[in-house]
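**Student:** Sending over a structure as structure tokens; questions will come in a sec.
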Amino acid sequence: MQASIESTGNLERRLSFSLPAERLQTHINGRLGEIARTARIKGFRPGKVPAKVIEQRFGPQVRAEAMDGLLRETFDAALREHELRIAGNPRIDKAGEGEFDFVATVELIPDFGDVDVTKLTVVRHTAEITDADIDQMIENLRQQRRTWKPVTRGAQEGDLVGLETWSQAGDERLPAEGTEKGTIIIGQGMMFDQIEKGLVGLAKGEEKVLDVEFPADWRVPALAGKSVNVTVKAVEVSEQDVPEVDATFIKSFGVKNGDLEQFRKDIRSNLERELKGALMNRLRREVGEQLIAAYSSVELPPRLVEGEARSMLAQQIDAIRRQGGNPGDVPADAHEGFKDAAGKRVLVGLLVGEVARRNELRLDPKRLNETMRLIASTYEEPEQVIEMYRNDPQLMAGLQNRVMEEQVIDWIAERAQHTEQALSFQEAIRQ
């Protein structure tokens, strides 16, 4: 096969190549022949369907599939012929009027020179789960299941208060009419401190006027730096009712026998899974920062960086929408704000791939299965989740990429100059 190459930039190349027409037709004929032997079409006996009918019914689809397969095969052969290692996906277009002539625009993986990970300095964090961490998680679960019951006494710290407020700042009233309504839990810093403390002692239906000094940088410009009369009225006062850690409470979290020790074991397993992920994220960030610092001068494929920037923008917009927000009109060049972060992400990704290639690192099947089972264990039907991964090539490919990246990150960290820093569980999971 002949393919010509043209340099269109430091890292960009144009490959011109042609598909072998005879091979294409041979493949099409062979596939149509296979279909003819098994096709069931009304009015014809199996294996006796005329070739013309088979061609009319299945020809376009078979031809499209053959073209696609041969295009990928020919393109890969052209890359091998010219010993090109490409970054990202190629852009392949028809070349002129020829049905079998194509041109592919590709970006190359940059030359990183000597990639010596032993020169990197990495801090590797460690942490352990303690009984106190399990106690804290149980308390968090109790708080999640708490209910509120109205009381007639004055409000105190920890109570839920439904309130109405309005403010008088000189001649300006906020809001201009009526009141602002809301609820807060006293002691959680949900309102300005002076106002929150002023609610203590208020019973349902009572109100008071507070003299509040707002700081100059207060988020409401009309109140910033002013002395304001704030009227607060307690509409409802409720105290929390936190469930006991009894068999009923424990069973509600899937521990069928309601046993406290089993409950604590399950919590420990969940916390260990969370900790493992948090420590890997920290290590990934540590190694990534070191790689960026060491290879920041390397030129990166511009289209690959732009594609990553657009992907990061799309993820942010999607996150805003999932949270019920409205991203509004997004400027055409909004992705430019992500270029720096995208460049760093691309640089680390390419370097991780380069380290894996040069050191012939291969995906560890055992680690892959462990990670898959770890993910599946968070669901009620783990085996169904595992089966879903095994039957979905795209899902499995994503998992394989993730596990391979973690393997390489570990490999780099083990060979870099590294120190260990112990953290508490709470410190470790704080990203």
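The values are calculated or read from the model by the stated rules, or taken from the named source; none is laboratory data. Just so you know, these numbers come straight off a predicted model, no measurement behind them. Please note: Cβ atoms are built from the backbone with ideal geometry, for glycine as well, and neighbour counts cover all protein chains shown. Only protein heavy atoms, including side chains, enter the accessible area calculation; ligands, DNA and RNA are left aside. Shrake-Rupley method; radii C 1.70, N 1.55, O 1.52, S 1.80 Å.
**Student:** For the stretch 101-112, give me each residue that is open to solvent by 50 Å² or more (accessible area, probe 1.4 Å) and within 30 Å of Ala66 (Cβ to Cβ).
**Tutor:** Asp101 - this is the single residue of the stretch 101-112 that is open to solvent by 50 Å² or more (accessible area, probe 1.4 Å) and within 30 Å of Ala66 (Cβ to Cβ).
**Student:** For the stretch 90-103, does any single residue satisfy the condition of being free of Cβ contacts under 8 Å to residues at least 24 places away in the same chain, closer than 30 Å to Ile409 by Cα and aliphatic (A, V, I, L, M)?
**Tutor:** Looking for residues that are free of Cβ contacts under 8 Å to residues at least 24 places away in the same chain, closer than 30 Å to Ile409 by Cα and aliphatic (A, V, I, L, M), one finds none in the stretch 90-103, hence no.
**Student:** Can you tell me which residue is farthest from Thr419 (Cα to Cα) among those in the stretch 113-126 that are open to solvent by less than 20 Å² (accessible area, probe 1.4 Å) and either touching a Phe, Trp or Tyr at 6+ places or on another chain (Cβ under 6 Å) or outside any loop (DSSP other than H, G, I, E, B) (or both)? Write out each step before concluding.
**Tutor:** Taking the stretch 113-126 first, the residues open to solvent by less than 20 Å² (accessible area, probe 1.4 Å) are 117, 120, 122.
Cutting the leftovers down to either touching a Phe, Trp or Tyr at 6+ places or on another chain (Cβ under 6 Å) or outside any loop (DSSP other than H, G, I, E, B) (or both) gives us 117, 122.
On the way: Val117: 15, Val122: 7 Å.
Among those residues, the one meeting the criterion is Val117.
**Student:** Using the structure shown, decide if Asp159 is charged (D, E, K, R) and without any contact (Cβ under 8 Å) to a residue 60 or more places away in the chain. Before the answer, list the steps.
**Tutor:** Values: charged (D, E, K, R): yes; without any contact (Cβ under 8 Å) to a residue 60 or more places away in the chain: no.
No, not satisfied.
**Student:** Given the conditions (1) open to solvent by less than 70 Å² (accessible area, probe 1.4 Å); (2) assigned to a loop (DSSP other than H, G, I, E, B); (3) in contact with a strand residue (DSSP E or B) (Cβ under 8 Å, 6 or more places away or on another chain); (4) closer than 18 Å to Pro150 by Cβ, and given that Gly201 satisfies all but one, which numbered condition is not satisfied?
**Tutor:** (3)
**Student:** If you don't mind, there's one more thing I want to ask. For the stretch 257-305, give me each residue that is touching a strand residue (DSSP E or B) at 6+ places or on another chain (Cβ under 6 Å) and either outside any helix (DSSP H, G or I) or within 30 Å of Ala247 (Cα to Cα) (or both).
**Tutor:** Once the filter is applied, which keeps residues that are touching a strand residue (DSSP E or B) at 6+ places or on another chain (Cβ under 6 Å) and either outside any helix (DSSP H, G or I) or within 30 Å of Ala247 (Cα to Cα) (or both), the stretch 257-305 yields only Pro301.
**Student:** Hey, can you tell me all the residues within the stretch 204-231 that are in a loop (DSSP other than H, G, I, E, B), charged (D, E, K, R) and in contact with a Lys or Arg (Cβ under 8 Å, 6 or more places away or on another chain)? Steps first, answer last, please.
**Tutor:** First, the residues of the stretch 204-231 that are in a loop (DSSP other than H, G, I, E, B): 204-206, 214-226.
Going one step further and asking which of them are charged (D, E, K, R), we end up with 204, 206, 217, 219, 226.
If the condition is that a residue be in a loop (DSSP other than H, G, I, E, B), charged (D, E, K, R) and in contact with a Lys or Arg (Cβ under 8 Å, 6 or more places away or on another chain), then Glu206 is the only one that fits.
**Student:** With a cut-off of at least 1 residues that are farther than 30 Å from Val228 by Cα and modelled with pLDDT of 95 or more, name the strands (runs of 3 or more DSSP E) lying wholly within the stretch 130-180.
**Tutor:** Values: elements: 147-150, 160-169, 172-174.
Once the strands (runs of 3 or more DSSP E) in the stretch 130-180 are filtered for at least 1 residues that are farther than 30 Å from Val228 by Cα and modelled with pLDDT of 95 or more, what remains is 147-150.
**Student:** Another question, if that's okay. With Gln407, Gln421, Gln394 as the choices, which residue is more than 23 Å from Gly113 (Cβ to Cβ) and outside any helix (DSSP H, G or I)? Write out each step before concluding.
**Tutor:** On the way: Gln407 fails: outside any helix (DSSP H, G or I); Gln394 fails: outside any helix (DSSP H, G or I).
Sole residue among the options that is more than 23 Å from Gly113 (Cβ to Cβ) and outside any helix (DSSP H, G or I): Gln421.
**Student:** Across the stretch 350-361, what is the total count of residues that are in contact with a Leu (Cβ under 9 Å, 6 or more places away or on another chain) and open to solvent by 20 Å² or more (accessible area, probe 1.4 Å)?
**Tutor:** 1
**Student:** A follow-up question, please. Hey, can you tell me all the residues within the stretch 1-29 that are of a type in the set (Ser, Thr, Tyr) and either open to solvent by 90 Å² or more (accessible area, probe 1.4 Å) or without any contact (Cβ under 8 Å) to a residue 12 or more places away in the chain (or both)?
**Tutor:** Of the residues in the stretch 1-29, the ones of a type in the set (Ser, Thr, Tyr) are 4, 7-8, 16, 18, 26.
Ser7, Thr26, listed by residue number.
**Student:** Going residue by residue through the stretch 176-194, is there one that turns out to be basic (Lys, Arg), touching a Leu at 6+ places or on another chain (Cβ under 8 Å) and open to solvent by 30 Å² or more (accessible area, probe 1.4 Å)? Break it down stepwise before answering.
**Tutor:** Restricting attention to the stretch 176-194, the residues satisfying the condition of being basic (Lys, Arg) are 181.
Narrowing further to those that are touching a Leu at 6+ places or on another chain (Cβ under 8 Å): 181.
Filter again for open to solvent by 30 Å² or more (accessible area, probe 1.4 Å), leaving 181.
Yes, the stretch 176-194 has at least one match.
**Student:** May I ask you to say which residue of Leu71, Leu32 is over 38 Å from the mean Cα position of the chain (by Cα), surrounded by 13 or more Cβ atoms within 10 Å (Cβ to Cβ), farther than 18 Å from Leu11 by Cα and at pLDDT 85 or above? First the steps, then the outcome.
**Tutor:** Numbers: Leu71 fails: over 38 Å from the mean Cα position of the chain (by Cα).
Result of the check over Leu71, Leu32: Leu32.
**Student:** Let me spell it out: the conditions are (1) assigned to a helix (DSSP H, G or I); (2) among the aliphatic types (A, V, I, L, M); (3) open to solvent by 60 Å² or more (accessible area, probe 1.4 Å), and Val330 meets all of them except one. Which number is the exception?
**Tutor:** Only one criterion in (1) assigned to a helix (DSSP H, G or I); (2) among the aliphatic types (A, V, I, L, M); (3) open to solvent by 60 Å² or more (accessible area, probe 1.4 Å) is unmet by Val330, namely (1).
**Student:** Do you know which residues across the stretch 306-327 are assigned to a loop (DSSP other than H, G, I, E, B) and either open to solvent by 80 Å² or more (accessible area, probe 1.4 Å) or closer than 26 Å to Val287 by Cα (or both)? Show your work before the answer.
**Tutor:** Step one: list which residues in the stretch 306-327 are assigned to a loop (DSSP other than H, G, I, E, B), which gives 323-327.
Matches in the stretch 306-327: Gln323, Asn326.
**Student:** Where the second residue is modelled with pLDDT of 90 or more and surrounded by fewer than 18 Cβ atoms within 10 Å (Cβ to Cβ) and the first is under 10 Å from His27 (Cα atoms) and lies in the stretch 63-78, which pairs have Cβ atoms under 6 Å and are six or more apart or on separate chains?
**Tutor:** Listed by first residue and then by second, the contacts come to nothing, as the list is empty.
**Student:** What are the pairs with Cβ atoms under 9 angstrom where one residue, in the stretch 258-286, is open to solvent by 70 Å² or more (accessible area, probe 1.4 Å) and the other, located anywhere, is among the hydroxyl-bearing types (Ser, Thr, Tyr) and outside any helix (DSSP H, G or I)? Sequence gap at least six, or different chains.
**Tutor:** Close Cβ pairs (under 9 Å, with a partner that is among the hydroxyl-bearing types (Ser, Thr, Tyr) and outside any helix (DSSP H, G or I)) amount to Asn270/Ser377; Asn270/Thr378.
**Student:** While we're on this one: For Leu79, indicate whether it is at pLDDT 90 or above, open to solvent by less than 40 Å² (accessible area, probe 1.4 Å) and assigned to a helix (DSSP H, G or I). It would help to see each step written out before you state the result.
**Tutor:** Details: at pLDDT 90 or above: yes; open to solvent by less than 40 Å² (accessible area, probe 1.4 Å): yes; assigned to a helix (DSSP H, G or I): yes.
Spelling it out, Leu79 is indeed at pLDDT 90 or above, open to solvent by less than 40 Å² (accessible area, probe 1.4 Å) and assigned to a helix (DSSP H, G or I).
**Student:** Under the condition of being loosely packed, with under 11 Cβ neighbours inside 10 Å and outside any loop (DSSP other than H, G, I, E, B), which residue from the stretch 42-63 is modelled with the highest pLDDT? Break it down into steps so the answer makes sense when it comes.
**Tutor:** Filtering the stretch 42-63 down to residues loosely packed, with under 11 Cβ neighbours inside 10 Å leaves 42-43, 45, 47-48, 52, 56, 60.
Filter once more, keeping what is outside any loop (DSSP other than H, G, I, E, B): 52, 56, 60.
Details: Lys52: 84, Gln56: 85, Pro60: 89.
Per the stated criteria, the residue is Pro60.
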